[in-house]
Each structure stands twice: as structure tokens, then as C-alpha cells.
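Here's the structure, in C-alpha cells; my notes come after.
Read-outs: derived from the displayed coordinates by stated rules, not from any lab. Since this is a predicted model, take the numbers as computed values, not measurements. Heads up, the Cβs are rebuilt from the backbone with ideal geometry, glycines too, and the neighbour counts pull from every protein chain shown.
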Amino acid sequence: MNSSIPIAIIGTGIAGLSAAQALQSAGYNVQLFDKSRGSGGRMASKRSDAGALDLGAQYFTARDRRFVEVVQQWQARGWASQWQPSLYNYRDGELSASPDEQVRWVGSPRMSAITRAMLGALPVKFSCRITEVYRGEHHWSLQDAESQSHGPFSHVVIAMPAPQATTLLAAAPKLAAAAASVSMDPTWAVALSFASPLDTRVEGCFVQDSALDWLARSTSKPGRDNSNDTWILHATSQWSRQHIDLAKEQVIEHLHGAFAELIGCAVPAPTFTLAHRWLYARPSAAHQLGALADADLGLYACGDWCLSGRVEGAWLSGQEAARKLLEHMQ
Ligand code: FAD
Ligand code: NAI
């Protein structure tokens, strides 16, 4: 082991876990924290009466060579599978088949399988919301929402959406300012479950000119519970922002209506519904920040918002944070 004093990583989404794996492989101790009860962040899957629901990331693509290689390893280990949906496009009130050659991946049997496997036996504290990151004479400490202190840590990696990272980066004003300059858009997600399969070939659809942006038939993904016909609907950033404080029942009613209007077949009353609001779903624009670093202080930040705002960008950003940290240790 390189140092007995661990590196703190705040956030167990794909970016935090990517950094954690890289640092652990280089021989460092890490200690992870997450405010949620489990890992995955926006790649988490929610357990429900309709089975596990991928309410956040729907699938991911791999374009960077390093990410392609790691996804192939995930596939070989059974954590990820290819998803080949029957894809449609909805535009100007018309639904049309829109097949393509793009390889799309999903966690198997649910999206969270990947982050769960990446976490493995790494030390983690869940249900622990970090509210402050502060530096003593030699080391870092963290304070959580219950006023508990954690530490000492040699370095801190902050791996969460930019607006949440900003406050924790107060010790490095330049990094805090960079994070504060990134705005993130919300997404309302709705799950609808039907007792019998809807009479449509659609399994995924890119939607234009609607409150909806995307819809997916969960049961078409490999390894999912298919005792019901379950769909995930995502509203556009614009609709989500305009209806940010709408009651969940009304969000479900509205998006169910938009779905029924475009899907082109009879839509009965769902047997199960659920709405989830992602306040910081995606960066409003793509950035090329890689990862933020104040190497002298030992403070780093990573996440999808540093790159493409996708699963791949988040993983690459975690790698970049780890690379910068390790570079400074040499
Ligand atoms: P996150 O996954 O957000 O992880 C951050 C973690 O930090 C969370 O677990 C959170 O609980 C924790 N945290 C935050 N604050 C604190 C704190 N103070 N203390 C402790 N822990 C904290 N990408 C694609 O590639 N394809 C898609 O189809 C796709 N669809 C999407 C659909 C939706 C609705 C959403 C929301 C996202 C989608 N994305 C998609 C984007 C993708 O999910 C993200 O890019 C990626 O998961 C971000 O990973 P991350 O590690 O950067 O952040
Ligand atoms: P991708 O290559 O499948 O899609 C990229 C974009 O290309 C799509 O959004 C769509 O507009 C278009 N597209 C791709 N294939 C198409 C087809 N067959 N027919 C019509 N249009 C098609 O995947 P990539 O680049 O990995 O992007 C990830 C996806 O995740 C995007 O759809 C993005 O919108 C979505 N996302 C959603 C978030 C949210 O909060 N709702 C957050 C981050 C990503």
C-alpha cells in the first residue's frame, strides 16, 4: 500500500467508482461516501412493485477506446449486455421506425448491476451526506449532515453533479468557481406498468415536439422482469424545468397522456405508476474540463459534467481525476 491514510471519495456514481477503482489498483486506500442508501447515483435502479426500474440512465454507448475496453470486461463478467431495441422516432405527429447500427449497452439484469459490481468490497458509508470538506494542518476531514466528522484523509475526490460539488469545493475557490459555472437541467422520469403487453413494436423512441424526450420498454432490455409491460418515460429538460414543482400525480397524468397520444395503440389504465424528479440530470452543455484538480491542496472533482454528460463521460472523468492525483504523487 502506498499510504495508510485513505483518499476520500464523495459520491458512488460511475465517476466516483471509476476513480476509486483506478486509485485502488495503484495501491491506495480509498473510503467512499454517499448520501443515498446505495451506489449508482443516476445509474441506480429503483426497486418497485413492477420490478427494478432504470429511472435514470437508459443505456450507454462507448466511443472512447479506454471505455470500449472496460465495457467489454463488464460484458465478459456478466455485468453489462447489449440492448438492441426496436427503435422509433416521433416527429411532427408521426411515429416511424428508426433503426441504426449503434451499439447500446445496459447493466444486466438492471442498470445498477454495473456500479454495484464496481463497488465490490470497497469501504463505503451510505446514507452519509457530506456537508463540508475542510483541511487541517496536514490532512483533510469531512463533516456530514449529522455533524459527524470523518478523517483524516490524504486527498479528497468530489464526484457528484456540479451544483452539489460547488459547496464542497469551498477550500479551492478556483475549482468552486469552475463547478459553479456549469448549469445542469432537470428531468422528470415516469414509470408505467401494464398488466398485458401494449400492441406496439416500439421498444425505444426518440421523441420530438412533445413534453416527452425519450421512452423505453423496460421489458425489452436483457434480464428484466417481464411479468408486466413496463415503460420508462423521460420528459424534456424544458418541460421538466417548467413543471419542476408539479405534484407527482400530475406529472404522471401529463406524461401518461403524452405517451398515449404518440404510441399509436390503445393504452389502458396502468397497474403501476411512479414519478421521479432528477434535479441535476444533465449538464446544459458539454464541457471539456476532464476533471478539476488542485494538486497542491489535494482536492479533485469529477463527474459527467466535466465531459460529455453521459455515462461514458462520467467514467472517463473519474479516470482523469485519478490520473491527475497519481501524477502528483510521483
Ligand atoms: P451521479 O451518478 O449523479 O453520482 C453522484 C453521487 O453523489 C450520487 O450517488 C449522489 O447520491 C452522491 N452525492 C451527491 N451529493 C452528495 C453529498 N453531499 N454527500 C454524499 N454523496 C453525495 N447517460 C447515458 O450515457 N445514456 C443515457 O441514456 C442517459 N440517460 C439519462 C437519463 C436521466 C433521466 C438521467 C438523470 C441521466 C441520464 N444519463 C444518461 C446520464 C448518466 O446517468 C450520468 O452521466 C452518469 O450516471 C453520471 O455519473 P456521475 O458519477 O457523474 O454522477
Ligand atoms: P445515442 O447515440 O443513442 O444517441 C444520441 C442522440 O442521437 C439521441 O439523443 C438522439 O437524438 C439521436 N439518435 C440516436 N440514434 C437515433 C435513431 N436511431 N433515431 C433517431 N435519433 C437517434 O446515445 P448517446 O450519444 O450515448 O447519448 C445518450 C442518450 O442519453 C441521449 O439520448 C441523451 O439524450 C440521453 N441522456 C438523457 C439525459 C436526461 O437527463 N434525460 C441525461 C444524459 C443523457
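Once the Cα atoms are used to define both axes, helix 65-76 deviates from the longest principal axis of the chain by about 70 degrees. Charges were assigned to the Cβ only: +1 to each Lys and Arg, -1 to each Asp and Glu. The resulting dipole of the chain about its Cα centre is roughly 680 debye. If you average the sequence gap of Cα pairs under 8 Å that are 6 or more apart and divide by the length of the chain, what percent do you get for the contact order? In percent, rounded to a whole number, it is 22. Mean sequence separation of contacting Cα pairs (under 8 Å, at least six apart), scaled by the length of the range 101-157, corresponds to a relative contact order of 19 percent. Among ASP225, ASP34, the ranking by other beta carbons within 10 Å of each residue's beta carbon, starting with the fewest, stands as ASP225, ASP34.
Sparsely packed loop sites in the range 181-268 (the trypsin sites (Lys or Arg not before Pro) outside DSSP H, G, I, E and B with at most 15 other Cβ atoms within 10 Å) comprise ARG201. To the nearest ten degrees, helix 248-262 and the longest principal axis of the Cα atoms of the chain are 50 degrees apart.
Give me ILE5, ILE158 ranked fewest to most by other Cβ atoms within 10 Å of their Cβ, as a rough exposure proxy. Mind showing how you got there, number by number?
Values: ILE5 17, ILE158 28.
With the sparsest Cβ surroundings first, the list reads ILE5, ILE158.
By DSSP, the beta bridges lying fully in the chain are antiparallel in about 75 percent of cases. A cut-off of 5 Å between modelled amide H atoms, ignoring neighbours fewer than 5 places along the same chain, links ALA281 with ASP185, THR187.
For LYS35, the lysines whose Cα falls under 21 Å of its own Cα, not counting residues fewer than eight places away in the same chain, are LYS46, LYS125.
Ranking TYR90, ASN29, ILE158 by Cα position along the charge dipole of the chain, where only Lys, Arg, Asp and Glu carry charges on their C-beta atoms, puts ASN29 farthest toward the positive end. Pairs of alpha carbons in the chain separated by more than 33 Å make up 28% of all such pairs.
Legend: ranking of residues SER45, SER317, SER81, SER127 from fewest to most surrounding C-beta atoms inside 10 Å; resulting order SER127, SER81, SER45, SER317. For a quick check, take a GNM of the chain with Cα springs below 10 Å and name the residue from GLU320, GLU137, GLU69 with the largest mean-square fluctuation. Comparing GLU320, GLU137, GLU69 in the GNM, the peak value goes to GLU137.
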